[in-house]
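All remarks here apply to the structure that follows.
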Amino acid sequence: MRRKKTLEDWILDSFITIILLIIVFVTLYPFYYILIITLNDGADTAIGGMYLWPRAFTLDNYIYFFEDTKWLNAFVVTFLRTIIGTLLGVLFTSMVAYGLAKRDLMFRKFYFIVVIVAMNFSGGLIAYYVILRSLGLINTFGVYVIPSMLNIFFLLIAISFFREIPDELAESARMDGAGEFRILLKIILPISLPLMATMSLFMGSGQWNSWLDSAYFVQSEELRTLTYRMMQVINQSQMPAGDSQSLASMSKATVTPFSVQATAMVVSIVPILCVYPFLQKYFVKGMMLGSVKG
Amino acid sequence: MGSGPKLKRFQTGNPVYEEKEQSGQLVKRFQKQLPFHILVGLGMLFLLIFSYSPMFGIIIAFKEYKISTGIEGIFTSSWVGFYHFKTLFNDYNFPTLVRNTLVISILKVIFTFPIPIIFAIMLNEVKHEFFKRFVQTASYLPHFISWVVVTGIAYAFFSTGYGIFNDLLLSLHIIDEPWDVLTNSDSFWGLAVMTAIWKEAGWWTIIFLAALAGIDPSLYEAAEMDGAGRIKKIVHVTLPGIKGASVVVLILSIGNMLGGGLVGSNFEQTMLLGNSLNNDTSQIIQTYAFKVGLAQGRFSFATAIDLMQSVISVTLIFTSNYIAKKVAGTGLF
């Protein structure tokens with residue numbers, strides 16, 4: 001800073017620093033609180049009064065979680081839908097975007113109207129359900145990954161991204177006789193890393209976090225996702241005074257429904273925590289691009 | 001359309017040749033672009049199936065549709081006109097649903113709109129790069145977490161049995177008996193707004209930080225020359241500098257008001273934080289449609305509710321955009 005700090009600067013800086021520290025605390029403490037619950041004896045947690053560190057340290061919750069077939073199966077389903085759903089979504093969305101990004105494409109206007117109308121209007125959940133049912137997608141793994149293949153928000157972002165890429169790159173490959181799909185896979189996608197990273201992050205976290213489709217479009221117990229199982233525990237504890245009662249009846253056990261649910265929460269947060277900070281500069285750019293486009 | 005080439009034929013001396021070449025060129029151009037049209041066509045087919053056919057399915061709101069009749073049933077079922085809409089308006093739940101939807105939506109717009117702006121301005125004043133980045137990264141985290149997990153965290157915090165919230169308030173003697181935040185109609189609105197802010201306020205600073213970064217630095221230097229302090233600079237340079245972005249975000253959040261404003265979380269919150277004990281303040285139009293539709297199998301009735309909400313939403317989007325254009329000179333379209 002060039003000029004000397006005035007009294008106003010001191011006051012403003014301290015005020016802002018304090019407020020921001022409070023915001024960080026309010027944001028991060030709940031995660032820490034959940035973490036210490038999972039590392040504590042479930043019955044001991046139920047007594048209450050544990051804020052700072054595990055009181056009766058144990059890994060039982062994690063052992064229980066990964067040994068219970070119901071939770072483990074939910075974890076595997078969630079993992080698979082995230083990988084497959086993200087892959088399909090990124091690939092299909094960039095494919096369509098690549099087509100639409102083509103300079104002087106015929107019927108461009110028509111194509112864009114179709115996209116914009118689809119973005120702004122929807123038939124509502126019920127009509128959507130009827131369609132899914134008629135397509136035979138209800139109660140299949142496909143309902144997780146197929147309807148989310150085309151993301152219109154990212155379609156528009158991808159189009160404007162691909163337009164920035166000089167045409168010569170694709171043209172030289174075309175000379176060598178490469179097909180458009182090949183050009184997309186071998187040339188366009190590899191140099192669109194920021195876009196790929198942003199799309200993967202958002203589609204991936206969307207898949208990972210989704211619970212509504214698992215709750216309403218699927219009945220088979222083998223297809224339930226992690227978030228659905230967590231929701232089930234929440235619903236059970238919503239019975240009047242249910243949480244304290246069910247915990248009391250299990251007071252001998254070191255693992256309670258609540259402590260397992262907390263474990264599931266940590267298991268579902270950790271992958272996100274490991275990924276998003278490293279993609280920050282990409283998604284910040286992507287968000288800005290998206291907001292300019294509306 | 002048809003008269004175009006004919007007229008041309010009159011004007012140019014060489015009509016037949018030109019027309020032939022034109023259409024030939026078009027076909028050639030299309031053939032050359034064929035791979036691109038195939039890629040785009042696949043996308044169009046996808047939208048036709050997953051976006052347009054549900055839109056068409058809206059007609060069941062005016063019919064007596066049975067799910068067992070499948071897709072043909074949409075066309076073959078009998079018309080009942082506005083019967084389902086009348087049922088909705090006479091439904092004893094209806095006034096409560098409308099009230100809850102409006103109150104939650106308006107509260108969210110009022111509270112979730114200014115907080116990211118204030119937060120972004122504060123971040124903008126931080127000169128220490130590492131601290132700034134740390135605060136930003138931390139505040140983005142809740143955005144990537146599922147509402148289910150957020151609800152789980154809320155349960156851990158507010159539970160009357162072992163939650164830290166009641167523990168703390170009781171031991172500080174602020175309250176005398178446990179305050180049941182989760183299963184209480186009086187606290188649902190506050191709970192919904194607070195959790196929405198906690199989850200998304202940090203995220204929406206991205207937009208405003210981008211707008212702040214776009215302010216011309218010479219404006220700050222000029223203000224400094226005039227002897228303006230930091231607070232004066234915030235008021236006279238920073239705030240006017242993000243006016244445009246604020247208007248756009250405000251339109252977006254009013255347009256999506258019934259969905260939950262910026263954070264768009266009304267549906268998920270009611271589904272997850274709502275329960276039989278806070279039903280009379282948590283139930284909203286959208287969740288009601290969902291429940292009567294999928295749980296009770298009244299598909300036509302539920303679609304009628306969906307349709308009504310969509311009409312209100314679309315009206316809100318266009319009205320807020322129109323007003324913004326008149327007042328601030330900027331709109332979305």
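The values are calculated or read from the model by the stated rules, or taken from the named source; none is laboratory data. These numbers were taken from a predicted model, which means no experiment stands behind them. As a convention, Cβ positions derive from the backbone with ideal geometry for all residues, glycine included, and neighbour counts pool all protein chains shown. With ligands, DNA and RNA removed, areas are computed over all heavy atoms of the protein, side chains included. Shrake-Rupley method; radii C 1.70, N 1.55, O 1.52, S 1.80 Å.
Karplus-based coupling profile of the stretch A:85-96, in residue order and whole Hz: x, 5, 4, 4, x, 5, 5, 5, 4, 6, 4, 5, with θ = phi - 60° in 6.51 cos²θ - 1.76 cosθ + 1.60 and x standing for Gly or Pro. Across the protein assembly as shown, the volume of the C-alpha convex hull divided among the residues equals 221 Å³ per residue. Calculated over the stretch A:60-293, the projected area of the Cα convex hull averaged across directions stands at 16.5 nm². Distant-in-sequence amide contacts of A:N40, defined by a placed amide H-H separation under 5 Å and a gap of 5 or more residues or a different chain, comprise A:T58. The label-point distance for A:R103 and B:F131, in a model that sets each label 7 Å from Cα toward Cβ, rounds to 5.0 nm.
Length gained on full extension, A:S172 to A:I63: 33.6 nm, using 0.36 nm per residue less the C-alpha separation. What separates the Cα centres of the stretch A:134-157 and the stretch B:150-226 is a distance of 33 Å. Rolling a 1.4 Å probe over the protein heavy atoms gives the stretch A:60-293 an accessible area of 45 Å² per residue. One decimal place: the segment B:F318-B:R99 gains 76.6 nm when fully extended, by the rule 0.36 nm per residue minus the C-alpha distance. The count of lysine pairs in chain A with alpha-carbon distances below 30 Å, taking only pairs 8 or more places apart or on different chains, stands at 13. The HN-Hα couplings worked out from phi for the stretch B:93-108 by the Karplus form 6.51 cos²θ - 1.76 cosθ + 1.60 (θ = phi - 60°) are 6, 4, x, 5, 4, 5, 4, 4, 4, 5, 4, 4, 5, 5, 4, 5 Hz, whole numbers, x standing for Gly and Pro.
For the stretch A:41-77, a reduction of at least 30 Å² in accessible area between the chain on its own and the assembled protein chains (probe 1.4 Å) is found at A:Y51. Model label points for B:M194 and B:K243, set 7 angstrom from Cα along the Cα-to-Cβ axis, are 3.7 nm apart. In this structure the amide hydrogen of B:K63, modeled in the peptide plane, comes within under 5 Å of the amide hydrogens of B:V80, none closer than 5 places in sequence on its chain. To put it simply, the accessible area of chain A at a 1.4 Å probe is 69 percent carbon and sulfur. In order along the stretch B:49-54, the phi-based Karplus estimate (6.51 cos²θ - 1.76 cosθ + 1.60, θ = phi - 60°) of 3J(HN,Hα) comes to 6, 8, 10, 7, 5, x Hz; Gly and Pro are listed as x.
Excluding ligands, DNA and RNA and using a 1.4 Å probe, chains A and B jointly bury around 8800 Å² of accessible surface, summed across both partners. Label-to-label distance for B:F75 and A:L91 is 3.4 nm, based on points extended 7 Å past Cα in the beta-carbon direction. Accessible area per residue was computed with a 1.4 Å probe on protein heavy atoms; B:D186 scores about 140 Å². Summed over qualifying helices (DSSP H, 4 residues or more, each -39500 (n - 2.57)) and divided by its residue number, the protein assembly as shown shows a 222 nm mean residue ellipticity of -21500 deg cm²/dmol.
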